[in-house]
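The values are calculated or read from the model by the stated rules, or taken from the named source; none is laboratory data. Remember, it's a predicted structure, so these values are computed and weren't measured experimentally. Note that each Cβ is placed from the backbone with ideal geometry, even for glycine, and that neighbours are counted across all protein chains shown.
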Amino acid sequence: MIETNTESLPASREAVHAQYRRNGWWRDRTFLDDLRDTVRSRPDRPAVIARDTSGGDDVTRTLTYAELAAMTDRCAGALTELGVRPGDFVAVQLPNRWELVPLMLGCMRVGARLCPLVTDYRRRELEYMLRLTEARVFITMSDAKGTPLGEMALELAADLPNLRHVLVTAGPDGKVPHGALDFEETVFGTEWEHGYQTEHELGPDDPCLILFTSGTTGEPKGVLHTMNTLHSAVRAEADVFELGGDSVISIASIYTGGSAIMQGMLIPLLRGGTAAFQDTWAGPQLLELIERHHVTFLFATPTYLLDLLDAQRARPRDTSSLRHIATGSAPIPPHLVDEVREVFGVRLSAIWAMTENLATTMTRLDDPDDWAKHSDGRPIDSMEVRIAPLPGAPEGDGGRLLSRGASQCLGYYRRAELYATHLDADGWFMTGDLARPDGRGGIRITGREKDLVMPRGFPVPVTEVEAVLGTHPNIREVAVIGIRGTDDEVLCAVVTAVGEPPSLRELRDYLDEAGMTKLFWPERLEVVDTLPKTITGKIRKTELQQWYQNPAPPAN
């Protein structure tokens, strides 16, 4: 069991929540109060810097805190005019635009719950999520990657009786589909804020946000959070990285995803800093954002950091404003830690998070500089983690990772029975991750339980095998998967190469030189041009297994 940071919690839910408040993890204020505080103290401080390159031009919109407060009230007035009532869901499927921040806050102002949806979702996912939440308003795009999302939304609305209004961003021709409302004109084209009043603001313990899991193991689950469960995590991360009113924070991700909402929007609001983002996070463009707006804190998945490193080496930019770079959402190749230090001159920090628990463990500034090679960090002060040994595994090899604490979600919306299956009698949440102690009071994620590979009945720490293989000079990215063989599971390494791909023998020799037991050596090697990934940069291992389970895997 990892040493935890919390005291022994009282038995009753009310007593637990009271302790959370005493410890400062929960509070009786909201993010709207944080907004008002900064408006009073520094109204001209930039709150949002949003860069838009979608139209071929480079357009940047900056909102001061005073302007953000006005746009929040404008959104609240528009939502009220559209018939949004306290407790309703407002679904938003937009690229990274400045409007996302006042939309989130506007929902809080009218007592509504935000339902952010990534732009890659299509009919099947959208229908399920809109039906489950009974969303009253759906805001989407005219088109995304050739898919007419606006028309699709109208078709869905015809079958969803609770969906009263579809708002669509104008297409290149300046028009929206017939039957839809123009998003910009409807919400921001009228000064709704004048004379607008509301008595239905969300409180700190009211459900305010639903985040959908990826659904790779079944139907997506709607994870419900309050402003206090959010505050528990964002306050802790802001403390760990010493983020304050002078911080300019950027997340290389879609801002309708949980990580960007937490780190990219709520931390700046909490501390009176600046959220800086853009509609693309490709390496060269992200470097331009960092240089132009003096970004101080950057979070990016390992995939995007690799692109950023390549872009900086190809054409260096002034990134001296960066104080911290953090990564997570996918295994961290050890060489990435050294390369970030070499190219950007800052340490790379690790964060482990999941939708249900938010950011739970982090490496610290007092850890060794290269600690992200070895650890995913210690738990934040408001969360506990525990490792339950796997049956049959040697003692000390780690096991299933469990967590609980003040950042824990309320549950899965309208699927309470499913959420209950993830909890034990003491309230520990079974994360689905595998981990081992890191030797400094933290954890190292060793894989996902659903990806567990056990050739000859022995569990393989696939993340650690990937970490060693990732240091091979001819490997850019690697995924280790299990493939069912005739009599047993076969360990397979799927790699993208730098230059001449290594042979299976070379990989096995490399692991041997690194001192890795023969039980963990791959028995098969596949070389591909790219690895299939989710929008957050996680490798789709289930898809890889489907490719290579068949005798003739698809060419890539």
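Worth a mention:
- Of the residues in region 101-122, at least one is more than 24 Å from Leu358 (Cβ to Cβ), outside any strand (DSSP E or B) and among the charged types (D, E, K, R).
- Condition broken by Gln285, with the remaining ones in (1) in contact with a Ser or Thr (Cβ under 6 Å, 6 or more places away or on another chain); (2) of a type in the set (S, T, N, Q); (3) surrounded by fewer than 23 Cβ atoms within 10 Å (Cβ to Cβ) satisfied: (1)
- Selection within region 196-215 - farther than 24 Å from Val118 by Cα and among the acidic types (Asp, Glu): Glu199, Glu201, Asp205
- Flag if Arg347 is outside the structural domain of Val462 (by TED's automatic domain parsing), among the basic types (Lys, Arg) and crowded, with 20+ Cβ neighbours inside 10 Å: yes
- Looking across region 361-382, the residues that are hydrophobic (A, V, I, L, M, F, W, C) and farther than 16 Å from Arg235 by Cβ come down to Leu365, Trp371, Ala372.
- If you go through region 491-537 and pick out every residue that is in contact with a Leu (Cβ under 9 Å, 6 or more places away or on another chain), surrounded by fewer than 15 Cβ atoms within 10 Å (Cβ to Cβ) and within 12 Å of Glu477 (Cβ to Cβ), you end up with 0.
- Residue count for region 210-220, restricted to those that are at pLDDT 85 or above and out of contact with any helix residue (DSSP H, G or I) (no Cβ under 7 Å at 6 or more places or on another chain): 1.
- In region 313-332, the residues that are surrounded by fewer than 12 Cβ atoms within 10 Å (Cβ to Cβ) and touching an Asp or Glu at 6+ places or on another chain (Cβ under 6 Å): Asp318
- Test: residue in region 133-141 that is in a loop (DSSP other than H, G, I, E, B), surrounded by 15 or more Cβ atoms within 10 Å (Cβ to Cβ) and in contact with a Ser or Thr (Cβ under 7 Å, 6 or more places away or on another chain): yes
- Applying a threshold of 7 Å to beta carbon distances and a minimum spacing of six or more residues, or different chains, the list of pairs starting in region 169-184 at a residue that is more than 23 Å from Leu79 (Cβ to Cβ) and ending at one that is of a type in the set (S, T, N, Q) and part of a loop (DSSP other than H, G, I, E, B) reads Gly171/Ser142.
- Odd one out for Ser250, checked against (1) at pLDDT 95 or above; (2) farther than 13 Å from Phe297 by Cβ: (2)
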